[in-house]
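Below is one structure, written out as structure tokens; the observations come after it.
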Amino acid sequence: MMTRLRYYLGAGSLAMAVASLAQPALAAERTGAQILGETCVACHAKEGDEQFSRISHQRKTPEGWLMSIARMQVMHGVKISDDDRRTLVKYLADQQGLAPSETEGVRYAMERRLNTVEQFDDQFAQMCARCHSGARVALQRRPAKEWEHLVNFHLGQWPSLEYQAQSRDRDWLPIALGEMVPKLASQYALDNPAWADWQKAKPEAAALAGQWSFSGHLPARGDVRGVMSVESGEGDAFKVSLKGQYADGKPLEGSGSALLYNGYEWRANLKVDGVAMRQVFSALNGEMRGRMFETEHDERGLDFVAARAGTPRLLAVQPGYLKAGSEAELTLVGSELSGTPDFGPGVEVVKVLEQSPERLRVKVRAAANAAAGSRAVAVGALKGANFAVYRSVSEVKVVPAFSVARVGDNGGSTPKMQGRFDAEAWGQDAAGKAFRIGYLPARWSVEAFDERAAEDEDVKYAGRMQADGVFVPGDAGPNPARKMSTNNAGNLKVIAQLDDGGKPLKGEGQLIVTVQRWNNPPLP
Amino acid sequence: MKLHTISGLAAAIASLALGLPAHAAGESGPALKAGHEYMIATNYPNNLHVVDLASDKVYKTCVMPDAYGPGTTQIGPDRKTAYVLNNHYGDLYGIDLDSCQTVFHARLAQRPTEKAKALFSIALSPDGKEIYSVANPTELKLDHYVVKAPRLQVYATDAGLDAKPLRSFEVPRQISIMQAGDDGSLYMAGADIYKLDVQTGKYDVALASRNWQRPLYSPPDVLYAWNQQTYRRDFSLLYTAAKFKDGKQDPATADYVYGYFSIDLKTGKPTVQDFAPLTEIYFTGMRSPKDPNQMFGVLNRLAKYDIKEQKLLKAAKLDHSYYCIAFNKAGSKVYLGGTYNDLAVFDADSLEPLGKIELPGGDMAIATTQVFTR
């Protein structure tokens, strides 16, 4: 079965299926309800009015529904056109989705933040999140019977599961059925007042049309800001265009299309400066939040927040720090900005350089005795962005502190997955409390993480750290030059060094360079 | 399963480079010669090789039906028939090594709506008349799966190419490798090692593994996918465990040990024995046929231990990982197989390399090699 899965859903076709989440079904001939009643009913018994066995007893994200339908195609031979699949994903994600509050804390999986270190209890981590993300589970809602079916499916499909580490030490199936099923049914229940409330409160998609001021940060590249224009189409679809610039003044431009699921799950496909990118945002209360990333390299992406014209918001100060006793140009990004910003005591606005509802560019000066620490910035009555005044950097952290890059290319089907790093500076306020300053430029290098990595010459083989904090891993495949022809895997320390007024500072993170991710579904 | 994925990948790569086996289907090749010592090894795409251990050369290659995986073999007591768990862990085959003919075939699933896989479990009765395997069945309902209790399925080896179980018995989950004792009892490795009466299906614990009671020891970790038939006639598998300093059971201060479980198939005597500090992983280990106090282990190195002293005697570097270890009867040569498509031969005393035997075809992956005298 795995062979068939790989055959039918190779990296390319699955990526295409995911990309299609942002496309409406064209010239749809059947509605979602019709597809259920005509196609899915072949195996899923009709249970009264538009209810079908299994399907009607689950709720999940657009990605979750896409994975279920794709599995029906790959493992159970369902014949369904791409258009019908799009229609069905949209229908099910709308009718049986998750309330916004139900996705809180686990949106990273949809946003493809694959360096997230998950926090689940030990039993959940071992029983469920040993092979895939815990978020994949936490983004579903089912009653006990459906969780039970899921356990049976897992062991039936992957019989070696109960022989693996952290399974073979226990009676896996009795624990899965007897302990995990009740736990999941209570923690991730099908019935939840939040979902009932959301169905009543769900706004019309057309309300998203308009101009959105956005702020973002692209690791190893810097801050970005601009305006996203959203034009409403039929069936919760949108035309989207982006116009912005990086902090260094370079432009960022793109356009594409989007589809809104379940009143707030925004999925868009864009070409940005010639590169295919996806947006996975939550659109709520005049704000969009999430991540925009390259379709083919989802490790390359930016944190994104936007506010719609008419929704007053202060989203960010770029850059969000200033050294005491110095002067700098800052840009405040938001929506409906008016008036002079207030950076708090000891920080003076020298000059307003540019002012629009979306952007406020100012020259500011921090007094030599300005209090070090993080402070709220206000523009008129608007708050929401923080700003740091620092006297010296006390600590440098590598972000992400723990990450994974993957070998690739070299004639194989899978591209290299890079590591991308920022150096995050921290200071200390008068009370000795640590506060975040922000990302500062650093000199980047890698070293062997431990003795074994040194002995295996991981630094030599695993890849190359560029000056900009981007780590490019080595080629895929066995390497005859390495001991035992092993591949270009490695265990590395990522080192960021910076000088703060002549004081050298160093931060360290860990980077595992490993093999390709062969099975790469929309939810990791 | 991680092992399977890794080896499968290696297989895909290797088979691209190495192309098809040298011997086409239908060729029978020469019969085996009485008194000669041979090794059998299976590999992708679906070969069964016979290696002559006097010359350390491939003697013949049989092409097996259906699909490869895991290629776990057992040699019948007739030393003429090789039995193989294959076809994606779903079918048992008997291959006549003289003619390369398939003489036995059984599908583990018992209904079209059932899927059943055996995780390396394949064993023969001492008289060779019966073959055993534990099927892990799942019922495929129209819109859901139901995992069923594992069944020990007993077949007559002369039941032909569409064999049906003579008897079947419900057994515990997580059963892997198994072998029959001289008295006909079946020893099955699972949470513990069970001894089962193949007539009644009744079983009890022959050797406690997960449930062992060894003061200051953690429960052992055991994953042993290699169902090796040894000249010592022992059914054995490796474990690792933590040995705590005191009742606080602090993993940070514990010693970690390698050991082996063994059932003497002649007498049924069980053994639990530490043999080394845990310093590296061995996928397989085997005691020397000539010195039962010597344990050899292999994965990224070939290592030799004095069991009583729990001391490393010697270790040899390898040019790539090997999963499965074997000896010739004299105990003078060590054969490393599994992983890719070559067998590495080492001198058992000096651990000096003696050569390599390239097998036509792709990876052996997680297959078990067996050595026997015809």
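Selection of region B:141-159 for residues being surrounded by 15 or more Cβ atoms within 10 Å (Cβ to Cβ), out of contact with any Gly (no Cβ under 8 Å at 6 or more places or on another chain) and away from chain A (no Cβ under 14 Å) yields B:GLN153, B:VAL154, B:TYR155, B:ALA156, B:ALA159. The residue pairs whose first member lies in region B:103-114 and is closer than 22 Å to B:TYR83 by Cβ, whose second member is of a type in the set (Ser, Thr, Tyr), and whose beta carbons are closer than 6 Å, counting only pairs six or more residues apart or on different chains, are B:PHE104/B:THR157; B:HIS105/B:TYR93; B:ALA106/B:TYR155. Restricting attention to region A:362-387, the residues that are within 29 Å of the chain's Cα centre (by Cα) and surrounded by fewer than 16 Cβ atoms within 10 Å (Cβ to Cβ) total 2.
Could you pull out the residue among A:ALA176, A:ALA185, A:ALA196 that is more than 9 Å from chain B (Cβ to nearest Cβ) and under 18 Å from B:ALA149 (Cα atoms)?
A:ALA176
Restricting the first member to region B:160-176 and to residues that are closer than 24 Å to B:SER209 by Cβ and facing chain A (nearest Cβ under 9 Å), and the second to residues that are hydroxyl-bearing (Ser, Thr, Tyr) and in a helix (DSSP H, G or I), the beta-carbon pairs closer than 7 Å and six or more apart or on different chains are B:GLN174/A:TYR163; B:SER176/A:TYR163. The conditions of being closer than 17 Å to B:PHE372 by Cα, of a type in the set (Gly, Ala, Ser), more than 14 Å from chain A (Cβ to nearest Cβ) and part of a strand (DSSP E or B) are not met by B:ALA106. Among the residues making up region A:146-173, those that are of a type in the set (A, V, I, L, M, F, W, C), in a helix (DSSP H, G or I), closer than 19 Å to B:LYS115 by Cα and more than 7 Å from every other protein chain (Cβ to nearest Cβ) are A:LEU150, A:VAL151, A:LEU161.
Might you let me know whether region A:338-353 holds any residue that is in contact with a Lys or Arg (Cβ under 9 Å, 6 or more places away or on another chain), outside any strand (DSSP E or B), modelled with pLDDT of 95 or more and within 30 Å of A:GLY469 (Cα to Cα)? Within region A:338-353, not a single residue is in contact with a Lys or Arg (Cβ under 9 Å, 6 or more places away or on another chain), outside any strand (DSSP E or B), modelled with pLDDT of 95 or more and within 30 Å of A:GLY469 (Cα to Cα). Taking region B:292-352 as the region of interest, the strands (runs of 3 or more DSSP E) fully inside it that hold 1 or more residues being farther than 21 Å from B:ILE281 by Cβ are B:333-337, B:342-347. Looking only at residues of region A:110-145 that are surrounded by fewer than 21 Cβ atoms within 10 Å (Cβ to Cβ) and part of a helix (DSSP H, G or I), we find that the one that is nearest to the other protein chains (Cβ to nearest Cβ) is A:LYS145. The residues in region A:207-223 that are surrounded by 18 or more Cβ atoms within 10 Å (Cβ to Cβ) and not in a loop (DSSP other than H, G, I, E, B) can be counted, and the count is 10. Of all residues in region A:457-513, those that are away from chain B (no Cβ under 14 Å), of a type in the set (Lys, Arg) and under 27 Å from A:GLY411 (Cα atoms) total 2. Within region B:165-206, the set of residues being in a strand (DSSP E or B), farther than 24 Å from B:ARG107 by Cα and not hydroxyl-bearing (Ser, Thr, Tyr) comprises B:ILE193, B:LYS195, B:ASP204, B:VAL205, B:ALA206. A single entry from A:GLY244, A:GLY249, A:GLY226 fulfils the requirement of being over 28 Å from A:ASP94 (Cβ atoms), of a type outside the set (D, E, K, R) and not in a strand (DSSP E or B): A:GLY249.
Per-residue answers, yes or no, for (1) within 20 Å of the chain's Cα centre (by Cα); (2) surrounded by fewer than 22 Cβ atoms within 10 Å (Cβ to Cβ); (3) within 14 Å of chain A (Cβ to nearest Cβ):
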| residue | (1), (2), (3) |
| --- | --- |
| B:ARG287 | yes, no, no |
| B:LYS290 | no, yes, no |
| B:LEU299 | yes, yes, yes |
| B:GLY361 | no, no, no |
| B:VAL371 | yes, no, no |
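Residues in region A:44-96 that are part of a loop (DSSP other than H, G, I, E, B), touching a strand residue (DSSP E or B) at 6+ places or on another chain (Cβ under 8 Å) and not polar (S, T, N, Q): A:HIS44, A:ALA45.
Only one entry of B:THR73, B:THR138 meets the criterion of being assigned to a strand (DSSP E or B), more than 30 Å from A:PHE52 (Cα to Cα) and either within 14 Å of chain A (Cβ to nearest Cβ) or out of contact with any Gly (no Cβ under 7 Å at 6 or more places or on another chain) (or both), and that entry is B:THR73.
The values are calculated or read from the model by the stated rules, or taken from the named source; none is laboratory data. Fair warning: this is a prediction, and the values are worked out from it, not measured in the lab. Glycine also receives a Cβ, built like all others from the backbone with ideal geometry; neighbour counts cover every protein chain displayed.
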